[in-house]
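Chemist: Got a structure for you, written out below as structure tokens; questions coming shortly.
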Amino acid sequence: MKYDVAIIGGGPAGYTAAGEAAAAGLSTVLFEKNALGGVCLNEGCVPTKTLLYSAKMYDTIKHASKYAVSAENPSFDFPKIIARKNKVVKKLTAGIRMKMTGHGVVMVAGEAEIKGRATDGTITILCGEDTFEATNLLICTGSETVIPPIPGLSETEYWTSREALLSKELPASLVIIGGGVIGMEFASFFNSMGTEVHVVEMLDKILGPMDRELSEMLQAEYVKRGIKFYLSHKVTGVHGTEVSVEKDGETFTLHGDKVLLSVGRRPVTKGFGLETLDVEPFRNGIKVNQYMQTSLPNVYACGDITAFSLLAHTAVSEAEVAIKHILGKAGEGMSYKAIPGVVYTNPEIAGVGKTEEEVRSEGISYIIKKIPMSFSGRFVAENEMGNGVCKLVLLEDETIVGAHLLGNPASELIVIAGIAIEKGMKAEELKSIVFPHPTVGEIIKEAL
């Protein structure tokens, strides 16, 4: 069984590559040992957003009186919220499978193992008792949760995002270790559901590399809602429902019905025979060029395995570039200039391009254009007493290099700024575009 393209991993990078390759007429085989759709669809992006939308609906109903609407004693059915999440995942997984089948992708369920690369470049892969050969290989094995060596953790029944998404019971209290994107999205969800939430973060801010000013504004909003934050704190032990934390030599204990671990993810590099290829590493993943080629020209790596972005939409774009390169149509290759990052809290926060902290640290002269979201009539109409900000980072010649938004629907608006940054647009060019009125998106033009 010989194929033009073999792909290991059926997540966003893998299924995108498979669909693109097969649609272009390349014989394609896709290996997936768990569920098609990968972490993103099954235990990441999609299920968390489904839960967060239920939480947002509940929040909206609880505060309906702000909009002169009466809704007495709103409640929710937690098991049904989880069941709806499962239904959404099942529907989307079936859609991907249908797309793969429609394009003629050969899907193999099982653990693929790379057996080696011949002198002519042919790659041999074993899966079960079957042997496959491929002219080109795409490694799209994704990432896994980082489990730090915290004393007592291995003897504790803690949650990762996987267990949190499967639970049908709502904990009365929750300690979240890690205040990054995953930690804050779960903090938002469980806080809306009425759980007492504690967030412990080693850094002096939540949301890692995202704009500090907006991150602090979001944190302040959640402090008002009752979440307790412990920044610059180190977890020194986890024993059952007790989490020991330390700052400046002082130690104390937090108690939670459940403990959620969300300190980051790392590329999956073991368990599929990668060592037989001897590709050049990068950080804790695989090094690639702008066409997603590894140090072996017919071996490509896309998605989290590259240890660069660890975002589903980056993985999709990388997969498209890889297949285009195999087809001889890659152009300039992959651009990372405008990769949007979104946190689906309520309100949402999103950023693309450079932050103010980045340009300052690089010694670049820059201009900040900043305006409250309340300068948008649509935002005021739909966010009673709502807070938010639109912050743009420009070079001295007014080329837009960064954009950061706090306020709904930041996730949908950030693409406007992303296009401007990717295309190297100056302020006057973007201002010349006609924005519909009234929309929240007008805030970008207003800021300029």
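Results for (1) modelled with pLDDT under 95; (2) part of a strand (DSSP E or B); (3) more than 30 Å from residue 65 (Cβ to Cβ); (4) not assigned by TED's automatic domain parsing to the domain that holds residue 315, shown as yes or no for each residue.
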{"site": "381", "(1), (2), (3), (4)": "no, no, no, yes"}
{"site": "387", "(1), (2), (3), (4)": "yes, no, no, yes"}
{"site": "415", "(1), (2), (3), (4)": "no, no, yes, yes"}
{"site": "429", "(1), (2), (3), (4)": "no, no, yes, yes"}
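Chemist: Restricting the search to the stretch 131-143, which residues are under 24 Å from residue 16 (Cβ atoms) and more than 26 Å from the chain's Cα centre (by Cα)?
Modeler: Answer for the stretch 131-143, where residues must be under 24 Å from residue 16 (Cβ atoms) and more than 26 Å from the chain's Cα centre (by Cα): 132, 133, 134, 135, 136.
Chemist: Any idea which residue in the stretch 355-372 is farthest from residue 406 (Cα to Cα), counting only those that are of a type in the set (Ser, Thr, Tyr) and crowded, with 16+ Cβ neighbours inside 10 Å?
Modeler: 366
Chemist: Next question. Do we find a residue being surrounded by fewer than 22 Cβ atoms within 10 Å (Cβ to Cβ) and either touching a strand residue (DSSP E or B) at 6+ places or on another chain (Cβ under 9 Å) or in a loop (DSSP other than H, G, I, E, B) (or both) anywhere in the stretch 6-18?
Modeler: No, because not a single residue in the stretch 6-18 is surrounded by fewer than 22 Cβ atoms within 10 Å (Cβ to Cβ) and either touching a strand residue (DSSP E or B) at 6+ places or on another chain (Cβ under 9 Å) or in a loop (DSSP other than H, G, I, E, B) (or both).
Chemist: Looking at the stretch 22-49, which of the residues that are of a type in the set (A, V, I, L, M, F, W, C) and within 19 Å of residue 124 (Cβ to Cβ) is surrounded by the fewest Cβ atoms within 10 Å (Cβ to Cβ)?
Modeler: 26
Chemist: Same structure, new question: Of all the strands (runs of 3 or more DSSP E) wholly in the stretch 106-169, which have at least 2 residues that are over 17 Å from residue 6 (Cβ atoms) and not β-branched (Val, Ile, Thr)?
Modeler: In the stretch 106-169, the matching strands (runs of 3 or more DSSP E) lie at 143-145.
Chemist: Another question, then. Which of the following residues is over 19 Å from the mean Cα position of the chain (by Cα), within 25 Å of residue 14 (Cβ to Cβ), surrounded by 23 or more Cβ atoms within 10 Å (Cβ to Cβ) and assigned by TED's automatic domain parsing to the domain that holds residue 27: 112, 118?
Modeler: 112
Chemist: Looking at the stretch 72-83, is at least one residue surrounded by 15 or more Cβ atoms within 10 Å (Cβ to Cβ), of a type in the set (Lys, Arg) and either more than 26 Å from residue 184 (Cα to Cα) or more than 19 Å from the chain's Cα centre (by Cα) (or both)?
Modeler: Checked against the condition, which is being surrounded by 15 or more Cβ atoms within 10 Å (Cβ to Cβ), of a type in the set (Lys, Arg) and either more than 26 Å from residue 184 (Cα to Cα) or more than 19 Å from the chain's Cα centre (by Cα) (or both), the stretch 72-83 yields no hits at all.
The values are calculated or read from the model by the stated rules, or taken from the named source; none is laboratory data. Since the structure is predicted, the reported quantities are computational estimates derived from the model, not experimental observations. Virtual Cβ from ideal backbone geometry, glycine too; neighbours counted across all protein chains shown.
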